[in-house]
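See structure below.
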Ligand code: C5P
């Protein structure tokens, strides 16, 4: 389940493109994420994929005709237009885009677009010539000017067999866009949240690195969750195995030093920093210019030097910054002064403690040493790369919340709930 999609009614419009078969995956993903998905199709779309496919995936009635009634005798496309939280047309053909841009309403999809007041997302799919044609671009610009969000088509193989721009965007990118649009004005709106994710890599020589097993899952879930609640999100990512989500600013930072620079730069106008990255504590004292040869040696020694502790640097910056002593902001903060990241706003700082032993004692010590508002204590290695995490949240004021094992997306929401309480 994805919180922003749960209990939402999404209206999916499908028009006559071969990419209609991908809309089945989209309808399935959205339904499994907890949304009610109404589907409205043009006649041409039904020639590519039958309505029964969508009825089976969504367990809801599908409308293919402007005159069609729902089982309760309401007019299908009108009822769907009214109850939708968002209208997504995927795939959207050049013809449908043109009709909507001009207010024509002679099929179920364009009639619904005219009637609904829900925000409109379109994922165009067409041949390159049609997409690049000035008239299509003008029509798309008209829709954008009226508030529509376009999920740009990608480059790839088209229906004709040729390769070019016009291929419908990936389903995951469309889902990202839906989540971001639904999340506008959410409880973290007007806040900038910086999240770090993944592991750092410290070069030994041009081909070898010191690395760790972090997958980046937790940090990416936090970034996506914050975006879904309306925040402006900057994700500072080390090495990870995640898909880069839409609606988030991504900053790549491979080594600990690069990550420190990026964090100190990005927090200047931020409201919260969540350090989920697994940062290497040490790096090789020197990076060899050429690949190190094994030669005849049975052992070799690698000299390591300490990496900067990014959270400690942030704590230093906070001490030097505009000090805003306001324990009234949260009772959890009595006893500790919160200070800004330099923008005159309070910076909420959250760290993670990944430990193999003495988890809570180690986490408490880090909360103190790094002057955090909250620390998320989780056991490793079992949480690395796992979809589930069992965490304990320890607040600066001493409150401890032991959470049951849960998907990282859900844990991310709990951490973001905490950020939201510190206004
Ligand atoms: O000290 P330790 O690495 O266990 O602390 C974990 C927390 O500190 C995490 O939030 C991690 O992102 C952060 N950290 C850091 N700079 C380092 C190492 C860890 O900010 N050099």
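The values are calculated or read from the model by the stated rules, or taken from the named source; none is laboratory data. In this text, all values refer to a predicted model and were calculated from it rather than measured experimentally. Positions of Cβ are backbone-derived with ideal geometry, glycine not excepted, and every protein chain shown enters the neighbour counts.
Can you go through 162, 111 and tell me which one is over 28 Å from the mean Cα position of the chain (by Cα), farther than 25 Å from residue 250 by Cα and surrounded by 17 or more Cβ atoms within 10 Å (Cβ to Cβ)? Of the residues listed, the single one that is over 28 Å from the mean Cα position of the chain (by Cα), farther than 25 Å from residue 250 by Cα and surrounded by 17 or more Cβ atoms within 10 Å (Cβ to Cβ) is 111.
Tell me which residues, restricted to the range 294-315, are in a loop (DSSP other than H, G, I, E, B) and surrounded by 10 or more Cβ atoms within 10 Å (Cβ to Cβ).
Of all residues in the range 294-315, those in a loop (DSSP other than H, G, I, E, B) come to 294-303, 307-309.
Listed by number, the residues that qualify are 302, 307, 308, 309.
For the range 212-281, list the strands (runs of 3 or more DSSP E) that sit wholly inside it and hold at least 3 residues that are within 15 Å of the ligand (Cβ to nearest atom); which are they?
Working: elements: 232-237, 249-252, 272-275.
Those strands (runs of 3 or more DSSP E) span 232-237, 272-275.
For the range 318-335, the criterion of a residue being at pLDDT 95 or above and part of a loop (DSSP other than H, G, I, E, B) is satisfied by no position.
Residues in the range 73-80: is at least one assigned to a loop (DSSP other than H, G, I, E, B), at pLDDT below 95 and surrounded by fewer than 17 Cβ atoms within 10 Å (Cβ to Cβ)?
Here is the first cut: in the range 73-80, the residues assigned to a loop (DSSP other than H, G, I, E, B) are 73-74.
Add one more test, that the residue is at pLDDT below 95, and what stays is 73-74.
Now drop any that are not surrounded by fewer than 17 Cβ atoms within 10 Å (Cβ to Cβ), which leaves 73-74.
Looking through the range 73-80, at least one residue is assigned to a loop (DSSP other than H, G, I, E, B), at pLDDT below 95 and surrounded by fewer than 17 Cβ atoms within 10 Å (Cβ to Cβ).
Kindly indicate whether residue 37 is in the same structural domain as residue 154 (by TED's automatic domain parsing), in contact with a helix residue (DSSP H, G or I) (Cβ under 8 Å, 6 or more places away or on another chain), assigned to a loop (DSSP other than H, G, I, E, B) and crowded, with 18+ Cβ neighbours inside 10 Å. If you could, list the steps in order and put the result at the bottom.
Numbers: in the same structural domain as residue 154 (by TED's automatic domain parsing): yes; in contact with a helix residue (DSSP H, G or I) (Cβ under 8 Å, 6 or more places away or on another chain): yes; assigned to a loop (DSSP other than H, G, I, E, B): no; crowded, with 18+ Cβ neighbours inside 10 Å: yes.
For residue 37, the condition - in the same structural domain as residue 154 (by TED's automatic domain parsing), in contact with a helix residue (DSSP H, G or I) (Cβ under 8 Å, 6 or more places away or on another chain), assigned to a loop (DSSP other than H, G, I, E, B) and crowded, with 18+ Cβ neighbours inside 10 Å - is not met.
Looking only at residues that are within 22 Å of the chain's Cα centre (by Cα) and within 15 Å of the ligand (Cβ to nearest atom) in the range 379-392, which one is modelled with the highest pLDDT?
Looking only at the range 379-392, we keep the residues that are within 22 Å of the chain's Cα centre (by Cα), and these are 383-391.
Subset that is within 15 Å of the ligand (Cβ to nearest atom): 383-384, 389, 391.
Details: 383: 73, 384: 74, 389: 88, 391: 94.
By that ranking, first place goes to 391.
Residues of the range 74-90 that are under 19 Å from residue 180 (Cα atoms) and touching a helix residue (DSSP H, G or I) at 6+ places or on another chain (Cβ under 7 Å): 85, 86, 87, 88, 89, 90. Of the residues screened, residue 205 is not one that is in contact with a helix residue (DSSP H, G or I) (Cβ under 9 Å, 6 or more places away or on another chain) and either modelled with pLDDT of 95 or more or not assigned by TED's automatic domain parsing to the domain that holds residue 303 (or both).
Listed here are the residues, each with its yes/no results for (1) part of a loop (DSSP other than H, G, I, E, B); (2) over 23 Å from residue 94 (Cα atoms).
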| position | (1), (2) |
| --- | --- |
| 10 | no, no |
| 18 | yes, no |
| 21 | no, no |
| 24 | no, no |
| 28 | no, yes |
| 52 | no, yes |
| 57 | no, yes |
| 66 | yes, no |
| 71 | yes, yes |
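Evaluate the following for residue 365: is it more than 23 Å from the chain's Cα centre (by Cα), within 12 Å of the ligand (Cβ to nearest atom) and assigned to a helix (DSSP H, G or I)? In short, yes.
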